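The values are calculated or read from the model by the stated rules, or taken from the named source; none is laboratory data. It should be emphasised that the depicted structure is a prediction, and the values quoted were computed from it without experimental measurement. Cβ: placed from backbone, ideal geometry, glycine included. Neighbour counts: every protein chain shown. What goes into the accessible areas is simple: the full protein's heavy atoms, side chains included, and nothing from ligands, DNA or RNA. Shrake-Rupley method; radii C 1.70, N 1.55, O 1.52, S 1.80 Å.
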Amino acid sequence: MARGFGQKIRQKNTENSGFGSNASGRFINKDGLPNVKRRGVNVFNRLSWYHTMLNLSTFRFLSYLVVAYILINLVFAMIYYLIGVEHLTGIDKSDPLNEFIDVFFFSSQTFTTVGYGRIAPVGFTASLVATFEAFLGLLTFAIATGLFYGRFSRPRAYLRFSDIAVIAPFKHSRALMFRLAPFKNNALTDADVIVSTAIEVIENGVPKSNFYSLKTHLSKINTLALNWTVVHEIKEDSPFYGFSEDDFKNTDIEIIVQVRAFDEVFSNTVVQRSSYVSAEIVYGAKFTPMYYPDQHDQTTILDLDKINDYQKTDLPATAGNNE
């Protein structure tokens, strides 16, 4: 962590953040998962493979399935080949490459229980391997089907957060702002946001992280259909009161965000988290609009490509500012 900020912060340190004051690095990654590495247990107990597969991107998930399918069939093809192609009927024995190709496709047909019938095992050993492979194929496809259903049916918020937060003018003061927007056609209602911050301070020459709750100008909205700009006004009760541009740059700050909403389709509450560190806070800027009416004034266009768009602006002077 970088240099700590030494001024006395008026707000009381909160103890319900879930993190300790001596934790290091970023607390919440941009994907919303805690930046924590666990030790003391082996990898099979440390990781939930089901949660891992559900949290993978679609491309990586499908890639893992395809690679696993090919590797499994290559292993069984090698086993059949080592047993001897004479124990499989219908093999093209013109050259070793054709033999292996036929063995590989026989393995894929057995694994998927298709069984076209041109190639068949002969003898106890080859039949035993084919029986085990067919059984393994049934189990594998059952697991893959469960994962597909779990990924398809899992309630998600489908929110996109801005990559940056800004320190912008607000009323006659300043405010910390970031924004978020739904990027799919799901219907979210009763959305509320909880914002806190971790600020590194120096106490007795030792850096530590203090956690503070940030009050938002609007903490709940009835319907989350367009973008939502979350505003924390920097007043005397804010931990950022008196912060200058250099303070924001040189102090280790992390804004931790949690959004909860009700998804009407799943009839369930969905949660999504994100965070912003000092390098992702733009001082003296304001977001530009990201939605506008269509050319016929019949509907509203929400342009998600504009979620990070901002323009530089002057900030009003405040009594507690160090500039």
*Helical mean residue ellipticity (222 nm; -39500 (n - 2.57) per DSSP H run of 4+; nearest 500) of the chain*: -9000 deg cm²/dmol
*Cα radius of gyration and Dmax for the stretch 45-153 (Å)*: 16.3, 50
*Which percent of the accessible heavy-atom area of the stretch 45-153 goes to carbon and sulfur, probe 1.4 angstrom?*
74
_For Thr131, solvent-accessible area (1.4 Å; no DNA, RNA or ligand), Å²_ = 90
_Can you tell me, using C-alpha contacts under 8 Å and at least 6 residues apart, the relative contact order of the stretch 112-217 as a whole percent?_
15
*Any idea of the accessible area per residue across the chain, 1.4 Å probe, to the nearest Å²?*
58
*Against the longest alpha carbon principal axis of the chain, how many degrees, from 0 to 90 and to the nearest 10, is the axis of helix 124-153 turned?*
20
*Report, in degrees rounded to the nearest 10, the 0 to 90 angle that the Cα long axis of helix 58-83 makes with the longest principal axis of the chain.*
20
*Just flag the chymotrypsin sites (Phe, Trp or Tyr not before Pro) in the stretch 78-155 sitting in loop per DSSP whose Cβ has no more than 14 other Cβ atoms within 10 Å.*
Tyr116
*Compare Pro155, Pro289, Pro169 in a GNM of the chain, Cα atoms joined below 10 Å, and give the one with the largest fluctuation.*
Pro289
*the chain, relative contact order in percent, only Cα pairs under 8 angstrom and at least six apart counted*: 22
*Just the number, please: Stokes-Einstein D of the stretch 205-323 in µm²/s, Kirkwood Rh from C-alpha pairs, 4 °C, 1.567 mPa s.*
75
*asked:* Please state the shape class of the chain: rounded when a/c is under 1.5, otherwise prolate if a/b exceeds b/c and oblate if not, all from the C-alpha gyration tensor.
replied: prolate
